[in-house]
Every structure is written in C-alpha cells, then in structure tokens.
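What follows is a single structure, written as structure tokens, with notes after it.
The values are calculated or read from the model by the stated rules, or taken from the named source; none is laboratory data. Predicted, not measured: the structure shown is a model, and the values here were computed from it. Note: ideal-geometry Cβ built from the backbone for every residue, glycine included; neighbour counts use all protein chains shown.
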Amino acid sequence: MVNRVLTSTSVMWLNHRATGLVPPRKRMPMMNAQREPSATPAPAADGRSPFVRLTELIAGLTPGKPVINLSVGEPQHPIPNFVGPALAAHLSEFGRYPANKGIEPFRRAVVSWLDRRYKLARPVDAEHEVLVLNGTREGLFLAAIAAKRWVGRRAGKPAVLIPNPFYAAYSAGALAADCEPVYMPATRASAFLPDLDALDDALLARTVAFYLASPSNPQGAVASRLYLDKLAGLARRFGFLVFADECYCEIYSEHAPAGMLEASGPDFANTIVFHSLSKRSNLPGLRIGFAAGDRRFLAAYLELRNVAAPQVPTPAQHVGVAAYGDEVHVQENRKLYSAKFDLADQIIADRYGYKRPAGGFFLWLDIAKYGGSEIVTKRLWAEAGVRVVPGRYLAREQADGSNPGADFIRVAMVQDSATTAEALHRLVAVLA
C-alpha cells in the first residue's frame, strides 16, 4: 500500500512539475464562474509519455489496413521454456515479502554472467555491488534521486545530462531529483551519441549524473571502448555518476557492445550499469533486472530503495537465475532479430538514411523530405495501418529550437518476420 501511494504521488508531482501547473490540492475551486480559456494553460508536451502523445496524434483516424503495431519496444518473440518450471518450483515464496537487495542466488547469477560477458578488472562483489530491480525503468528513475543526495553540493544548479533523443525515465528522474535536465544532442554528426568534447567544464562541475544508453534507443548506436573510457575519466575528474543503460546489450549485429564497467577500473568508481531481462530474454512482463557497480553509491541507493522502491517477487528472481545461466535462448533471440534486419536491408535498402544499426531492435528512419515525423506517422496509420512513433516525441527541443528527432520515425522490429516484412513493404509503398 505504501508503494502505491508513493508511486501515485510521484506521478502526479512529475506531471504537474513538467507542465508548470499547480498541483490540484493547492488550487482553489472556482465557484459560480465561467473559466476563461486562457486560465488553464495546455499541458506542455515535454512531460508526457510519447505513447500518450501518439495516441492523441492519430485519434479519429481510421487505420487504412489491418493494424501492425511497431511503436512499442515490446519483444514479441516466445518466452524461454524455463520460465514456467522456475516459477512453479518457487510458488510458495509468493507468500513472503522479498528483500529489496535481492536473493543471494540471483545476485550470484548476475555476477557470474557479468564475468562471462565482459572483460572486467575483477569480479563484481555479489554482496555489495549488485541490487535486483523491478526492470530498469524504476531503477533508472530512482537513481537520479539517490545520486543528488550522494554526490552532494555542486558548483551551481545540479544538472543531469541526458542524450537527446532519450528514454523518458531519464528526464523524469532528473525532474524528481530537482535537477536541471540538460539534453545533449545525439545526431548523425556525432554518430548518434552525445559529443563528449562539446561539454564544458562549468557544466560538468555541476553535473550529478550522466545517462548513457548503449546500444542507444532509438538509433541503435554503440559506444566504443574508447568513448566509455573517456566518459569514465570525466566522471572521476568531476565527481558525477555515469548511469549506463545497457538493456539492449545482447541484441547486436556483429560485435558484442563493450560495457561501462569495463571502463570504470577495478573499483567501478562512479559507474552504475542497469540491465534487464525484457529484451535479452523476451520477458518484458516479468519486470526484473539489476544495477551493479560503485558499492559506495549502491549502499546509499539501497537505503532509498528500502523505503521507496517496489520489491521483486522471489519466484521472479529465480527465473532470473535461470535466465542469466542460459545463453542458448539469447543466441536464438539474436538470430530472430538479425533475420528481420536482413529484411530491412532488402526492403528499405538505401532509403530514408537507413543503415543497419550496430545494436538494439529499432529502425531510425529519416523522413524529413516527406513532411516530418508527425505527418509521416499519421500517413502510415491512415493509409497503411502501421503504427510507429514520431521521433519528435522521443526528444526535446534544444536551445536553438531544433529537435533532434523531428525528422525521424522510430520503427520497433518486434513482430515476427512475416509481419515485419508486410509492415516495411507498406511503409515503402506509402512514402513512394
């Protein structure tokens, strides 16, 4: 019950903070008066979910063909066959409150997987350097609040640096922590990653946390080891935290992406990585993942989570033990995505600035000459029944008024191969 109250309050507070409206409990009712249209400002688009905005955008439009939903990054591949037996074997544990830290078998399974997957200076300590999460969204959100407390006084208004476009939890966390979200353009000119050389010392001196997704959502860019080393050096020099969102790390075209823990040295200083089974194991509904890294921060993070975070059911953690101990289903999953990108190579070819992404499962298509992201999204829905996300909704306007996503659409390659091929053919036909 406490968790529900906290969640509801947080959402309400964030919505009103983002829109600039006064929370309802502080508004005086208007008695016997007609409210002027200008008295209630329209909610600012910035703070709302891109999917809410998408629903509003296409409201009233009838899809031109049977609907194919390529908007949500929700894997549709089969779930692994070990999920049912693992849950069944631990059903009785639904009768206990789980510890926020996570059960020891889960934390040890994570440590073993990290050691196999990455070239680490030393093994991660299962007792002090791993925490279970309810998926990565809530973990990434609460991390910003804990970071502001842990980092302490900054040289000016505390800032949280966010790639632009970005995953919405980053911005929500920055606002909840009462930090200034600073959006760093991640465009083709910078290989779709934030340009580290463009960050000045004054900004870095007031930075609390730096969010980085590699592979990135939505562009599928992968940060090189050299890039990660440079970022780790900046974090140590200026005393901020790197929050590395690596939930797409097992979906890649050729080479397994490097991880932030590889660049952070033997003490994993100033680095926290976030992982999830949603993409890796096709388990978006299980809501399980982990955070690992700097033990000093994780101790403070756990204190916050003990009073504010939802716990992860123990049976779900046992599924996680099985998932992190098995690579066969991960390899098969990667093959399914690879086959769909082969289709994109053939059907999209050299149109819309397409280039097979290094990682992730999205297409980031340049449709500037077709009218921009919102116009094309409406056309694809009304003429072809294909639902995609306008890139404008995944980004924020920069200081110069430009939006790095305005000329793009995001296409989630999550359906089966036949459905994906049909959707891509429809997309090309509409834009032809």
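Checking each residue of the stretch 390-409 against the condition of being touching a residue at least 12 places away in the same chain (Cβ under 8 Å) and at positive phi gives no match. Looking across the stretch 90-127 at every residue that is of a type in the set (Ser, Thr, Tyr) and in a loop (DSSP other than H, G, I, E, B), the one that is nearest to residue 293 (Cα to Cα) is identified as 118. Checking 349, 382, 344, 399 one by one, the residue that is over 30 Å from residue 82 (Cα atoms), at pLDDT below 95 and not assigned by TED's automatic domain parsing to the domain that holds residue 131 is 399 and no other.
Looking across the stretch 172-189, the residues that are touching a strand residue (DSSP E or B) at 6+ places or on another chain (Cβ under 9 Å) and either in the same structural domain as residue 366 (by TED's automatic domain parsing) or closer than 28 Å to residue 356 by Cβ (or both) come down to 183, 184, 185, 186, 187, 188.
Considering only residues in the stretch 172-197 that are hydroxyl-bearing (Ser, Thr, Tyr) and over 16 Å from the mean Cα position of the chain (by Cα), the one that is farthest from residue 363 (Cα to Cα) turns out to be 190. Can you work out which of the residues in the stretch 130-150 that are in contact (Cβ under 8 Å) with a residue 60 or more places away in the chain and charged (D, E, K, R) is surrounded by the most Cβ atoms within 10 Å (Cβ to Cβ)? This residue is 148. Determine if the stretch 328-345 includes at least one residue that is touching a residue at least 24 places away in the same chain (Cβ under 8 Å), assigned to a loop (DSSP other than H, G, I, E, B) and at negative phi. Looking for residues that are touching a residue at least 24 places away in the same chain (Cβ under 8 Å), assigned to a loop (DSSP other than H, G, I, E, B) and at negative phi, one finds none in the stretch 328-345, hence no.
Scan the stretch 362-413 for residues that are part of a helix (DSSP H, G or I), under 23 Å from the mean Cα position of the chain (by Cα) and hydrophobic (A, V, I, L, M, F, W, C) and the total you get is 1.
Scanning the stretch 397-432 for residues that are buried (at least 19 other Cβ atoms within 10 Å of the Cβ) and closer than 29 Å to residue 184 by Cα yields 403, 404, 405, 407, 408, 409, 410, 411, 412, 413, 414.
Given 225, 153, which one is more than 26 Å from residue 251 (Cα to Cα) and either surrounded by fewer than 23 Cβ atoms within 10 Å (Cβ to Cβ) or free of Cβ contacts under 8 Å to residues at least 12 places away in the same chain (or both)? Result: 153 is the single residue among 225, 153 that is more than 26 Å from residue 251 (Cα to Cα) and either surrounded by fewer than 23 Cβ atoms within 10 Å (Cβ to Cβ) or free of Cβ contacts under 8 Å to residues at least 12 places away in the same chain (or both).
One residue stands out among those in the stretch 348-387 that are free of Cβ contacts under 8 Å to residues at least 24 places away in the same chain and not basic (Lys, Arg): the one that is nearest to residue 73 (Cα to Cα), which is 354. Within the stretch 270-283, the residues that satisfy the criterion of being under 17 Å from residue 81 (Cβ atoms) and part of a loop (DSSP other than H, G, I, E, B) are 281, 282, 283. Of the residues examined, residue 169 is one that is within 16 Å of the chain's Cα centre (by Cα), in contact (Cβ under 8 Å) with a residue 12 or more places away in the chain and either outside any helix (DSSP H, G or I) or in the same structural domain as residue 305 (by TED's automatic domain parsing) (or both). Restricting 299, 292 to residues that are closer than 30 Å to residue 173 by Cβ and surrounded by 24 or more Cβ atoms within 10 Å (Cβ to Cβ) narrows the list to 292. Within the stretch 228-263, the set of residues being surrounded by 22 or more Cβ atoms within 10 Å (Cβ to Cβ), hydrophobic (A, V, I, L, M, F, W, C) and within 16 Å of residue 334 (Cα to Cα) comprises 247, 249, 251. Would you confirm, using the coordinates I've provided, whether residue 203 is surrounded by fewer than 18 Cβ atoms within 10 Å (Cβ to Cβ) and outside any loop (DSSP other than H, G, I, E, B)? Considered against the rule, which asks whether it is surrounded by fewer than 18 Cβ atoms within 10 Å (Cβ to Cβ) and outside any loop (DSSP other than H, G, I, E, B), residue 203 comes out as yes.
With the structure loaded, tell me whether residue 351 is surrounded by fewer than 21 Cβ atoms within 10 Å (Cβ to Cβ) and within 22 Å of the chain's Cα centre (by Cα) or whether it fails that test. It is false that residue 351 is surrounded by fewer than 21 Cβ atoms within 10 Å (Cβ to Cβ) and within 22 Å of the chain's Cα centre (by Cα).
Among all residues of the stretch 319-326, there is none that is of a type in the set (Val, Ile, Thr), assigned to a loop (DSSP other than H, G, I, E, B) and under 23 Å from the mean Cα position of the chain (by Cα). Going through the stretch 46-71 one residue at a time, which ones are in a loop (DSSP other than H, G, I, E, B), among the aliphatic types (A, V, I, L, M) and surrounded by fewer than 16 Cβ atoms within 10 Å (Cβ to Cβ)? Listed by number, the residues that qualify are 59, 61, 67.
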